[in-house]
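Visitor: Can you read through this structure? Questions will come right after.
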Amino acid sequence: APQTRRWSLGGPASDMAEVTEAELDSVRERLAAVRGRVPADRTLVAVSKLKPAELMVCAYEAGQRDFGENYVQELVDKGPRLPADARLHFIGHLQTNKVKLLLSEPRLCCVHTVDSLKLAAELQKRAAALRPGQAPLAVMAQVNTSGEASKGGCAPAECVALCEGIRASCPALRLTG
């Protein structure tokens, strides 16, 4: 069973850096142990949900480059505190009225939670306007396989149409999953 480890953020910054590096090393060791079963092109995304930006900087200094955020405002607030080569992934529910703000962060590299053609169209519009000449923004379709109303994502029966719609009408987006 997966283990969850928590640490106190009350100590000095050097303690935070040491704990962060040790945690990343532990995750990397576990990934190395299953490397034969995990395709080599997979990316470890450190979820920084509600963690301070200082912790993200410590993880960055320990070699982590990809970070996931659940909330648009958190991502936008933390992004400028990270080096330019950090890659931010949006992993929370995204409302169309937050797309412009989200895409204003240049470190954003992927939106993992595209659940409708309406959201894809808004991402397309904003990516084309705010990121002209840049590589398409990576997006992933979110599918609610449980059917729970409290969970995000499109219904499984709508997934193919969503993916086909993104590929056909969103050239500023790149469907990756």
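Visitor: Among the aspartates and glutamates, which fall within straight-line cross-link reach of Lys78, defined as a Cα-Cα distance under 16 Å, with same-chain neighbours fewer than 8 residues apart omitted?
Guide: Straight-distance partners of Lys78: Glu54, Glu61, Asp66, Glu69, Glu105.
Visitor: Stretch Asp66-Ala33 to full length: gain in nm at 0.36 nm per residue minus the Cα-Cα span?
Guide: 9.8 nm
Visitor: If I model a spin label as a point 7 Å beyond the Cα along the Cα-Cβ vector, how far apart are those points for Lys125 and Asp77 in nm?
Guide: It is 2.8 nm.
Visitor: Put a dot 7 Å past each Cα toward the Cβ at Lys49 and Ala22; how far apart are the dots in nm?
Guide: Computed distance between label sites Ala22 and Lys49 equals 2.5 nm.
Visitor: How large is the accessible surface of Glu148 in square angstrom, using a 1.4 angstrom probe and rounding to the nearest 10?
Guide: Approximately 90 Å² for this residue.
Visitor: Given Ala53, Val19, His112, which one lies farthest toward the positive end of the charge dipole of the chain, if we put +1 on the Cβ of every Lys and Arg and -1 on the Cβ of every Asp and Glu?
Guide: His112
Visitor: Here's something else I'd like to know. For the chain, with every protein chain kept in place, what is the accessible area per residue (1.4 Å probe, Å²)?
Guide: 57
Visitor: Tell me, how many Å apart are the Cα centres for segment 94-166 and for segment 50-91?
Guide: Going from one Cα centre to the other spans 20 Å.
Visitor: A further question on this structure: Extension gain Ala40-Glu148, at 0.36 nm per residue separation less the Cα-Cα distance, in nm?
Guide: Result for the pair: 35.6 nm of gain on full extension.
Visitor: Averaging sequence separations of C-alpha pairs under 8 Å and six or more residues apart, then dividing by the length of the chain, give the relative contact order as a whole percent.
Guide: Here the relative contact order equals 15 percent.
Visitor: Add +1 for every Lys or Arg and -1 for every Asp or Glu among the other residues with Cβ under 10 Å from the Cβ of Lys51, and state the total.
Guide: Taking every Cβ under 10 Å from that of Lys51, the sum is -1.
Visitor: Also, I was wondering about something else. Leaving out ligands, DNA and RNA, and with a 1.4 Å probe, what % of the accessible surface on segment 59-155 is carbon or sulfur?
Guide: 50
Visitor: Please compare each pair in Lys98/Lys125; Lys125/Lys151; Lys118/Lys151 to a cut-off of 21 Å on the Cα-Cα distance and tell me which ones are over it.
Guide: Where the Cα-Cα span goes over 21 Å, the pairs concerned are Lys125/Lys151.
Visitor: Report the gain in length on full extension from Ser169 to Ala155: 0.36 nm times residue separation, minus Cα-Cα distance, nm rounded to one decimal.
Guide: Fully extending the segment from Ser169 to Ala155 adds 3.0 nm.
The values are calculated or read from the model by the stated rules, or taken from the named source; none is laboratory data. Owing to the predicted nature of the structure, the values given are computational and were not obtained by experimental measurement. Neighbour counts are summed over all protein chains in view; Cβ atoms, including those assigned to glycine, are modelled from backbone coordinates with ideal geometry. The protein model used for the area step is the full one, side chains on, heavy atoms only, and it has no ligands, DNA or RNA in it. Shrake-Rupley method; radii C 1.70, N 1.55, O 1.52, S 1.80 Å.
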